[in-house]
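Heads up, the thing below is written out as structure tokens.
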Amino acid sequence: MSSYVTTPIYYVNANPHLGHAYTTIAADVWARHRRQRGEDVFFLTGTDEHGSKVARSAAAAGLSPKEFCDLIAGVFRSLAADLHATNDFFIRTSDPEHEVFVQRFVERMKAAGDVYEALYAGLYCTGCEAFYTEDDLNDGLCPQHGTRPEWLEERNWFFRLSAYGERLRALYAERPDYVLPRTRYNEALAFIDGGLQDISLSRSSIEWGVPVPWDPDQVIYVWIDALINYASALTYARPGEDLTAQHWPPRWQVLAKDILKFHAVIWPAMLMSAGYAVPEQLLIHGYLTVRDAKMSKSVGNVLDPFLVINTYGLDALRFYVLKDVRFGSDGDVSYERVHDRYNHELANDLGNLVSRTVAMVGRYRSGAAPAAAPDAAVRDLLVAVGARVADHLDRFELTEALEATWEAVRALNRFVEERAPWKLAKDPAAAAELDVALYTLLDGLRVIAVLLAAFIPDAARSILIAVGAETASGWEEIAPGRLPVGAASRLDGPLFPRIDAPPA
Ligand code: MSP
């Protein structure tokens with residue numbers, strides 16, 4: 001089965017912040033994990049470039065929309081690369097292939113009888129690029145941005161979303177895990193049960209967008225244009241090939257709760273209208289917050305992912321965001337917390353364990369894994385941890401998976417202290433016991449590296465090289481005792497050098 005994984009495509013109105021990095025990291029962990037399990041993964045991310053929000057930022061920067069988009073899309077693309085995201089393609093909605101596909105898609109919706117022309121008179125928040133009713137607002141202000149929406153009156157093409165209530169309800173009834181976690185499923189279902197209004201499919205007062213094919217004075221509403229990226233990308237990601245048959249529908253779409261309604265209600269209805277299968281599952285996470293406010297460019301409380309990467313390294317960033325904030329919930333982040341977790345968990349718990357182990361194997365066994373079986377208690381613990389990590393991952397519980405893995409890290413640290421190989425090494429009668437201790441440590445680190453490979457890929461690879469098991473990182477390798485006897489261990493420097501002070 002194909003495992004098509006997507007992130008939202010990010011607006012290019014401003015540079016990326018840690019919130020954008022967060023979703024890309026989570027989806028990448030997921031893509032890597034599924035590859036570890038032998039699946040045929042296609043992983044997509046990219047940028048959302050049309051609409052008034054981007055057009056206004058471009059004007060403010062004194063650039064044409066396209067010039068401005070090229071610039072910021074470049075920053076998002078390099079963020080994905082710097083995060084070592086293993087995306088198979090990076091889509092931009094200004095790609096000509098996407099634009100043509102969007103036109104064909106809305107024509108299919110029109111041919112299905114779901115598109116009609118009418119006058120829109122109502123509220124619009126440019127920050128959200130969303131139409132609101134008075135009931136949606138808090139004291140007349142946008143619930144996301146706290147700003148006053150604009151009054152719009154324009155001739156639009158509409159999508160008959162109201163016709164899809166029954167089919168959406170049937171979808172939700174058939175698939176109790178269509179949206180995870182369950183609270184988000186309930187929230188989406190409540191939207192549907194609350195009664196669906198038709199929505200605008202086009203905008204007539206802006207120019208930066210994809211022309212409506214049958215009415216080129218209007219452009220397609222940016223959200224309709226953006227959602228279609230998940231389908232368009234497959235048609236041109238590989239020149240001369242159409243990957244739709246191989247990968248459609250997406251198996252997992254990762255996004256935060258801010259854009260739930262678009263993905264959980266409007267998007268499946270659009271797909272039903274145009275005659276496409278709907279995605280298998282939407283995985284919804286919470287917000288990274290700073291002093292309890294959602295991190296966002298408009299609030300100005302952003303953490304810079306590039307700064308964290310430059311100070312602590314990429315793996316520290318990937319580890320931090322998934323370990324510190326329970327995936328699915330909101331959670332506060334700060335440079336101080338990155339710093340603490342880096343020094344305690346990565347440098348102390350894991351990095352030191354690797355250095356000590358490799359040093360002892362070098363000193364006492366000339367750097368070769370001794371012939372021994374792993375200690376039975378450690379082996380049992382690793383088997384249990386491996387099973388729990390797999391279960392957590394199956395439920396997309398990324399933080400719990402890391403927590404379970406850290407139980408193994410702490411257990412190995414206790415094991416070194418209890419066995420004290422440096423004492424055993426002084427007693428010739430304890431040679432066999434020393435073999436067991438060292439083999440258990442090397443092999444245990446190998447298992448931990450495989451469990452962590454999707455989360456902190458570079459460090460995991462360094463650990464596998466350090467214990468002499470470089471090539472083996474498939475999921476079946478979490479079984480203890482697979483380290484070949486004689487495997488050569490080596491380490492060039494500390495995995496996570498200590499860092500004295502946070503960057504800001
Ligand atoms: N362009 C739309 C999405 C179109 S998808 C067809 C958009 N873009 S966005 O730039 O605002 O990105 C929103 C997404 O970025 C969120 O759903 C989430 O994945 C991520 N995040 C942005 N800020 C975030 C936090 N502070 N915390 C967690 N995720 C954050 O909406």
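The values are calculated or read from the model by the stated rules, or taken from the named source; none is laboratory data. Model, not experiment: these values are computed from the prediction. Ideal geometry is used to build each Cβ from the backbone, glycine not excepted, and the neighbour counts take in all protein chains shown. Heavy atoms of the whole protein, side chains included, go into the accessibility calculation; ligands, DNA and RNA do not. Shrake-Rupley method; radii C 1.70, N 1.55, O 1.52, S 1.80 Å.
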Selected residue (criterion: nearest to the ligand (Cβ to nearest atom)) from residues of the range 200-214 that are open to solvent by 20 Å² or more (accessible area, probe 1.4 Å) and modelled with pLDDT of 95 or more: 208
Selection from the range 50-64 of residues that are open to solvent by 40 Å² or more (accessible area, probe 1.4 Å) and closer than 18 Å to residue 205 by Cβ: 56, 59
Failed item in (1) over 21 Å from residue 51 (Cβ atoms); (2) without any contact (Cβ under 8 Å) to a residue 24 or more places away in the chain; (3) open to solvent by 30 Å² or more (accessible area, probe 1.4 Å), with residue 113 passing the rest: (2)
Check on residue 321, under 22 Å from residue 81 (Cβ atoms), near the ligand (Cβ under 10 Å from one of its atoms) and part of a strand (DSSP E or B): no
Within the range 14-33, tally of residues that are more than 9 Å from the ligand (Cβ to nearest atom) and open to solvent by 20 Å² or more (accessible area, probe 1.4 Å): 2
Restricting the range 152-177 to residues that are aromatic (Phe, Trp, Tyr) and part of a helix (DSSP H, G or I), the residue that is farthest from residue 206 (Cα to Cα): 172
Count of the range 151-199 residues which are of a type in the set (Gly, Ala, Ser) and either surrounded by 19 or more Cβ atoms within 10 Å (Cβ to Cβ) or free of Cβ contacts under 8 Å to residues at least 12 places away in the same chain (or both): 5
Residue tally, condition away from the ligand (no atom under 13 Å from the Cβ), outside any strand (DSSP E or B) and in contact with a strand residue (DSSP E or B) (Cβ under 8 Å, 6 or more places away or on another chain), over the range 239-268: 6
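For residue 406, indicate whether it is open to solvent by 10 Å² or more (accessible area, probe 1.4 Å), in a helix (DSSP H, G or I) and among the aromatic types (Phe, Trp, Tyr).
On the way: open to solvent by 10 Å² or more (accessible area, probe 1.4 Å): no; in a helix (DSSP H, G or I): yes; among the aromatic types (Phe, Trp, Tyr): yes.
Against the criterion (open to solvent by 10 Å² or more (accessible area, probe 1.4 Å), in a helix (DSSP H, G or I) and among the aromatic types (Phe, Trp, Tyr)), residue 406 does not qualify.
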The one condition in (1) crowded, with 18+ Cβ neighbours inside 10 Å; (2) out of contact with any strand residue (DSSP E or B) (no Cβ under 9 Å at 6 or more places or on another chain); (3) within 30 Å of residue 325 (Cα to Cα) that residue 396 fails to fulfil: (2)
